[in-house]
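The structure under discussion appears below in the form of structure tokens.
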Amino acid sequence: MSATPPKFDLSTPQGRRLAEKDYLWWGDHAFLRKLVKNRHWVDGRLMRGNQPSPAQLAELKAQGIKTIINLRGGDGSFSLLERDACERLGLTLVDHVVTSREVPTRARVLGAKTLFERIEYPAFMHCKSGADRAGLMSVLYAHFQLGQPIAEAMKQLSWKYLHAKVGKTGVLDYMFERYLAEGEAKGLSFLDWVNSESYDPAAIKADFRAGWWGSLLTEKILRRE
């Protein structure tokens with residue numbers, strides 16, 4: 001039995017209209033992204049940004065993009081429309097789910113390294129806003145693929161990309177800061193640190209403290225996913 005909600009059955013005109021309406025308005029707030037795409041090239045092969053609409057996926061295809069990396073996962077209207085559009089456009093869609101308020105598991109970090117090694121470029125990588133999860137993965141790309149030290153790669157997590165370090169999403173910055181203080185300080189590479197017993201995502205998150213006003217910004221005002 002299909003897990004797709006009947007109202008979002010894209011094989012019917014009514015289902016497609018309902019999916020597009022849900023995606024555009026309160027289901028995924030795509031109307032906000034019509035004006036702010038938050039797109040940036042990490043280098044000449046990888047672009048990061050927010051959730052693209054089917055029309056924007058066609059634009060990316062026209063720019064030469066071959067692979068779409070979806071960091072959100074899910075089966076909502078945004079995901080159904082994205083999969084449908086990628087199939088029609090001949091774009092390869094790859095899911096690699098990460099979160100914005102959790103320290104990534106060891107498997108997710110290592111999976112990101114493998115992902116960047118095997119996909120076809122140029123690629124476009126997105127979460128919902130293009131700020132937090134896209135920032136985390138861009139740090140990993142800059143480190144694993146471009147050879148940038150973590151301190152330099154962390155520039156991918158900044159307000160330039162609408163990332164708010166001061167809220168709960170700041171746990172992503174904190175994870176890398178812990179490496180600089182505990183791993184790099186001992187001469188460990190980032191990968192060696194992640195593979196060591198010192199890398200404990202639950203403990204690292206437990207040690208993190210978000211400022212109250214930062215949490216108000218990310219949770220109530222920006223309502224980050």
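Just a few scattered comments:
- Taking packing as the residue-averaged number of other Cβ atoms within 10 angstrom, the listed peptides 132-140, 182-190, 154-162 run from highest to lowest as 132-140, 154-162, 182-190.
- Among 77, 196, 11, the largest mean-square fluctuation in a Gaussian network model of the chain (Cα springs under 10 Å) belongs to 11.
- For the range 43-125: rounded, prolate or oblate by the Cα gyration tensor [a/c cutoff 1.5]: oblate
- For the chain, calculated [θ]222 nm from helices alone, where every DSSP H run of n ≥ 4 adds -39500 (n - 2.57): -11000 deg cm²/dmol
- Shape call, the range 110-204: gyration tensor on alpha carbons, a/c limit 1.5: oblate
- With a cut-off of 15 Å on the backbone N, no residue of the range 114-147 is near the modelled label site 7 Å out from residue 188 along Cα-Cβ.
- Protection-proxy order for peptides 167-179, 40-52, each taking the mean of Cβ atoms within 10 Å per residue, highest first: 167-179, 40-52
- Rounded to 5, the percent of DSSP beta bridges in the chain classed as antiparallel: 15 percent
- Sequence-separation-based contact order of the range 42-136, relative, with Cα cut under 8 Å and 6+ spacing, percent: 50 percent
- Listed candidates [x] 59, 39, 29; [y] 60, 39, 37; [z] 55, 35, 25 - label of the one calculated as Cα extents along the principal axes in Å: [y]
- Once C-alpha pairs closer than 8 Å and six or more residues apart are averaged by separation and normalised to the residue number of the range 16-221, the relative contact order reads 21 percent.
Every read-out reported here was derived from the displayed coordinates using simple, explicitly stated rules and does not represent laboratory data. For clarity, every value in this text was computed on a predicted model and none was experimentally measured. Neighbour counts run over all protein chains shown; Cβ positions are idealised from the backbone, glycine included.
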